[in-house]
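First up is the structure itself, then whatever we jot down about it.
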Amino acid sequence: MSAIRLLVLGAVRRHGRAHGYQVRNDLEFWGADEWSNTRPGSIYHALKQMAKQGLLHVYETGPSTAGGPPRTEYELTDRGTAEYFSLLRGALTTHDKLDLLSAGLGFIADLPREEALALLRQRVGNLRAWRESVTTYPGQGELGHIGEITNLWAHSAEAGVEWTRGLIERIEGGAYAFAGEGGDPFAGVLAD
């Protein structure tokens, strides 16, 4: 699963119809270029690939204001919307890909509150299962400094559980606006 796919689909969805520069601007505004592979070339490549895959509908608009070729705008197709929500749900349950989790958190408000909570609880379970699987490796104590890898994974899992529980508590306490609750949950968190 790719964070860039989720980020690009989510950014296009937020606008309804968007051109590559708008998507790039949103992702840079979030600092996604620091925690994911969202370089300008990868954004435009993802847009073109997802259009070929039928996830995005392509619109050719008038010439760009800079005098270049016509600007291309994109809009999610029904398949693109289904892919977006599938990626979003998967991202919120991931235990080992922080860029993907970060992308999912960026769009968590597109889900109903109860569904977001259920997915985050599933993430806690996934983290616990992953920690159990890496700490019960036979002969682990005999690995010397290589055993520190297991210690790192176990610590990461514990920190992930603690952070996710905190987020669950904040959401249960009414933090943030979610789908179906009214208002714009993205007001002020996307570039103008």
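Summary table
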read-out	value
The stretch 96-122: number of residues that are buried (at least 22 other Cβ atoms within 10 Å of the Cβ) and not hydrophobic (A, V, I, L, M, F, W, C)	2
In the stretch 78-92, the residues that are within 16 Å of L117 (Cβ to Cβ) and buried (at least 20 other Cβ atoms within 10 Å of the Cβ)	L88, A91, L92
Helices (runs of 4 or more DSSP H) fully within the stretch 1-92 counting 3 or more residues that are in contact (Cβ under 8 Å) with a residue 12 or more places away in the chain and under 23 Å from F178 (Cβ atoms)	3-15, 20-29
Residues of the stretch 93-110 classified as under 17 Å from L167 (Cα atoms), part of a loop (DSSP other than H, G, I, E, B) and not polar (S, T, N, Q), total	2
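Listed here are the residues, each with its yes/no results for (1) part of a loop (DSSP other than H, G, I, E, B); (2) surrounded by fewer than 11 Cβ atoms within 10 Å (Cβ to Cβ); (3) modelled with pLDDT of 90 or more; (4) of a type in the set (G, A, S).
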| position | (1), (2), (3), (4) |
| --- | --- |
| Y137 | yes, no, no, no |
| I149 | no, no, no, no |
| S156 | no, no, yes, yes |
| R165 | no, no, yes, no |
| I168 | no, no, yes, no |
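The values are calculated or read from the model by the stated rules, or taken from the named source; none is laboratory data. Just so you know, these numbers come straight off a predicted model, no measurement behind them. So basically every Cβ, Gly included, is an ideal-geometry build from the backbone, and we count neighbours across all protein chains shown.
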